[in-house]
Amino acid sequence: MINNQVYSFIRPFFVSRWGWALSTTEMLESYINISCQDVWNYYQWSFKIKTETIETSSVNWEYLKWETTYPIESIIDIYDDEWNQIIPMSGKVKNYTECNVWDNFILTTTDIKSIEIRYYKQYEWISLANDGTKALQFPNRFVPPIVNKIYDLASPLSYFEDDNVVPRYQIAVRQLDELKKADWISADIYFSPDKSI
C-alpha cells in the first residue's frame, strides 16, 4: 500500500463527521505520522531489521565514516572484514573494535576494510506532497491497527459513537498483539550469515 492510499482511506471519515477544519492534508499527515510512529515503537518488529555490508567509506578526520541506507534506530551487531565484533560506544574511538553510531553512519578507525551491520531502521516521517506515491514503511497487515490508531487520535472529537464501548486504541493494541505473536518467530530465528565457514 502506498502513503496516498492510507490518506485516501481515512479522509472521508474525517470529512463526513463535520471535520473539514481538521481534515486538511497537513492535519491528516500528522495523524498518519504520529500513528505510524506509535505502531513502529510498539515492538522491535522483524521487518525493521536491515543487514548491510558496507565496503566503501569516506575518511572523516582520523576516522572512516560508513553510511547506512536508512537512519539507525538501534544496533543489533557490527562486524569488520575479519569478522571481529565492533562495539558501539559513546566515547572516543581508540581501536578497531570500537565505533561511534550516529543517525545514519558509523565512525571507526581507519584500519577496517568493510563492515557488516545489522540494525533496526528508524521510522521516517512522511510528507504526502513528497512521499505520497512511496510505499508505506509497514507490511500491509499493519494497515488496520494504523487506521485504528489514527481514528483513536480523533476520538476526543467524538468521531465514532461506539468509542465509549470499545475504544479504537484498545482495538489497535489487540491487533498489534496478534501481529507481535506471529512476528516473534521470524525475529527469533533471524540469523546473520556465518562468515567463518
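Checked against (1) of a type in the set (A, V, I, L, M, F, W, C); (2) in contact with a Lys or Arg (Cβ under 9 Å, 6 or more places away or on another chain); (3) free of Cβ contacts under 8 Å to residues at least 40 places away in the same chain, V39 passes all but a single condition, namely (3).
Of everything in the range 3-21 that is open to solvent by 60 Å² or more (accessible area, probe 1.4 Å) and modelled with pLDDT of 90 or more, the residue that is farthest from N140 (Cα to Cα) is S8.
If the requirement is being surrounded by fewer than 17 Cβ atoms within 10 Å (Cβ to Cβ), not in a loop (DSSP other than H, G, I, E, B) and not basic (K, R), which of these qualifies: N100, N148, N95?
Every option except N100 fails the conditions.
Total residues in the range 34-45 satisfying the condition of being in a helix (DSSP H, G or I) and surrounded by 17 or more Cβ atoms within 10 Å (Cβ to Cβ): the figure is 5.
Looking across the range 22-33, the residues that are open to solvent by 20 Å² or more (accessible area, probe 1.4 Å) and in a helix (DSSP H, G or I) come down to T25, E26, M27, E29, S30, Y31.
Against the conditions (1) without any contact (Cβ under 8 Å) to a residue 60 or more places away in the chain; (2) open to solvent by 50 Å² or more (accessible area, probe 1.4 Å); (3) over 28 Å from R174 (Cβ atoms), K50 satisfies every one except (1).
Of everything listed in (1) open to solvent by less than 30 Å² (accessible area, probe 1.4 Å); (2) modelled with pLDDT of 85 or more, the single unmet condition for A154 is (2).
For the range 53-79, filtering for residues that are open to solvent by 50 Å² or more (accessible area, probe 1.4 Å), of a type in the set (A, V, I, L, M, F, W, C) and farther than 12 Å from E116 by Cβ leaves 2.
Within the range 80-92, take every residue that is open to solvent by 50 Å² or more (accessible area, probe 1.4 Å) and of a type in the set (A, V, I, L, M) and give me the one that is modelled with the lowest pLDDT.
Among them, the one singled out is M89.
The values are calculated or read from the model by the stated rules, or taken from the named source; none is laboratory data. Since this is a predicted model, take the numbers as computed values, not measurements. When we count neighbours, we look across all protein chains shown, and the Cβ atoms used for this are built from the backbone with ideal geometry, even at glycine. Ligands, DNA and RNA are excluded from the accessible area calculation, which covers all protein heavy atoms including side chains. Shrake-Rupley method; radii C 1.70, N 1.55, O 1.52, S 1.80 Å.
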